[in-house]
Amino acid sequence: MTVQPKPDQPTLTVPEGPRHARIHGLGGYRPERVVTNEEICRYIDSSDEWIQQRSGIKERRFAREDETVIDMSEAAARDAIAMAGITPDQISVVLMATVTHPYQTPAAAPILAERLGTNGPAAFDISAACAGYCYGISLANDMVRAGSAEYVLVVGVEKLSDFTDKHDRGSAFIFGDGAGAAVVGPSDFPGIGPTVWGSDGENWDKIMQKQPWTGLRADMTSEEAGAVEWPHFAMQGQSVFRWAVYTIAPVVDKALAAAGVTSDDLDAFVPHQANMRITDAMIKHIGLPEDIPVARDIAETGNTSAASVPLAAARMLNEGEAPHGGLALQFGFGAGLVYAAQVVVLP
Ligand SMILES: CC(C)(COP(=O)(O)OP(=O)(O)OC[C@H]1O[C@@H](n2cnc3c(N)ncnc32)[C@H](O)[C@@H]1OP(=O)(O)O)[C@@H](O)C(=O)NCCC(=O)NCCS
C-alpha cells in the first residue's frame with residue numbers, strides 16, 4: 001500500500017544529526033575480590049593447570065554480595081565521562097547492556113542515569129549477552145548521527161557470579177564480574193565503522209539460563225516446593241567454541257572490509273574475552289600481523305560477557321598498549337546466539 005501525507009497536513013520536523021560519531025571516553029571497573037583458579041577448584045573437579053591451558057584464565061574478579069551491576073556501572077561510567085571531558089547532564093541516552101541485572105523491571109539504566117546526576121535522559125537496557133556492548137556502540141552511533149541524541153553513555157556490565165553454578169565443571173571457571181563504559185558523541189571524522197552483526201537463534205540453547213523465572217514461581221506453588229534449582233546459566237562449551245572459531249570468525253573480515261581497512265591498519269584487536277584459545281584462532285583466521293596488540297584481559301578478568309570488550313579496551317588504552325586515536329577492531333559474540341563487530345577509532 002502506498003501512503004502519501006494528507007494534502008493539507010504540515011510536514012513533520014525531523015532532527016538532523018552530525019555526519020559522524022566517535023567514542024569520546026572509555027572506562028572500566030573490576031571488583032576488588034580476586035578469585036583464583038584454586039578457589040574455583042574447591043567446588044569442581046579441575047586444576048589450575050587445566051583451566052589455564054584450556055581457557056587462558058588465571059583469575060577473575062567477583063563483586064561483593066551487596067555490590068550491584070549499577071554500582072559497578074557507575075564506577076566505569078564516571079571514568080568514561082571524565083575521559084570524554086563532558087558533564088553528566090550532557091548525556092541524552094543511557095544504554096546498558098547486561099543479562100545479570102536481577103530485576104525483570106525496571107531496567108538498570110534509569111537508575112544509573114539518576115546516580116550519575118544526568119538530566120533525566122532516555123534510559124534503557126538491551127539483552128545481547130556478550131555482544132551487548134558492540135550492539136550498544138552500533139545503536140549509539142546511529143542515534144548520534146540521526147540527531148536523536150548528542151552524547152550516549154553505553155555500558156556493558158555483568159555480575160555473572162550471581163548466575164554461575166560454582167559446581168558446574170563446564171562453566172564455573174569461565175565467568176567473572178565487571179563493568180565497562182563508553183561515551184559516544186558527535187565527531188569531525190568517521191569514528192565508528194559499519195557494524196557487521198547478526199544472530200543464530202537456532203542455537204539459542206547453547207548458552208542459556210537453565211529455566212525461565214516462571215519455573216521458580218510454579219515451584220513455589222507446587223507440593224514439591226524448593227525442588228527447582230536456581231536458574232543458573234549453562235553452556236555447551238564445545239559447541240560454542242566451534243561456533244566462535246569456525247562459523248563467525250569471518251565476521252571480522254567483513255567488519256574490516258566494511259570499514260575500508262585491512263588488518264595491517266589496526267592498532268588493536270579487541271575480541272570478546274571468551275577463551276584465550278578462541279582469540280588465538282581468530283588471530284590466525286584474520287592473519288593479524290604479530291606486532292598488533294591483542295586484548296588478553298581474560299587472563300586476569302575471566303569472561304565478563306557484555307563488559308569484556310570495553311574493559312579490555314580501556315585497559316589497553318590506560319596501560320599504553322593501544323594508542324589514543326588508533327584503530328581497534330572489536331568483536332562481541334555469545335548467548336542468543338548473537339554477534340557484532342566494528343572498527344572504531346579509540347578515544
Ligand atoms: C569450556 C571449555 C573451556 C572447555 O574446553 P574443551 O576443550 O572444549 O573441553 P571439553 O568439554 O572438550 O572436555 C575435554 C576434557 O576435559 C574434561 N573437562 C571438562 N571440564 C573440565 C574442567 N573444568 N576441569 C578439568 N577437566 C575438564 C572433560 O571431561 C574432557 O575429558 P575427556 O577428554 O577425558 O572426556 C571450551 O569448550 C570453551 O571455552 N568453550 C567456549 C566457551 C565460551 O566461550 N563461552 C562463552 C561464550 S560467550
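For Thr36, are the conditions met, namely being within 16 Å of the ligand (Cβ to nearest atom) and under 30 Å from Pro102 (Cα atoms)? The answer is yes for Thr36.
Might you let me know whether the range 222-233 holds any residue that is open to solvent by 20 Å² or more (accessible area, probe 1.4 Å), more than 22 Å from Lys159 (Cβ to Cβ), outside the structural domain of Ile57 (by TED's automatic domain parsing) and in a helix (DSSP H, G or I)? Within the range 222-233, not a single residue is open to solvent by 20 Å² or more (accessible area, probe 1.4 Å), more than 22 Å from Lys159 (Cβ to Cβ), outside the structural domain of Ile57 (by TED's automatic domain parsing) and in a helix (DSSP H, G or I).
Are any of the residues in the range 67-88 open to solvent by less than 30 Å² (accessible area, probe 1.4 Å) and either more than 30 Å from Gly191 (Cα to Cα) or within 11 Å of the ligand (Cβ to nearest atom) (or both)? Among the residues of the range 67-88, at least one is open to solvent by less than 30 Å² (accessible area, probe 1.4 Å) and either more than 30 Å from Gly191 (Cα to Cα) or within 11 Å of the ligand (Cβ to nearest atom) (or both), which makes the answer yes.
Mind checking whether some residue in the range 257-269 is among the hydrophobic types (A, V, I, L, M, F, W, C), within 16 Å of the ligand (Cβ to nearest atom) and not in a strand (DSSP E or B)? Scanning the range 257-269, I find no residue that is among the hydrophobic types (A, V, I, L, M, F, W, C), within 16 Å of the ligand (Cβ to nearest atom) and not in a strand (DSSP E or B), so the answer is no.
The values are calculated or read from the model by the stated rules, or taken from the named source; none is laboratory data. The shown structure was predicted, so the numbers you read here are calculated from the model rather than taken from an experiment. Positions of Cβ are backbone-derived with ideal geometry, glycine not excepted, and every protein chain shown enters the neighbour counts. Remember, those area values only see protein heavy atoms, side chains included, never the ligands or the DNA or RNA. Shrake-Rupley method; radii C 1.70, N 1.55, O 1.52, S 1.80 Å.
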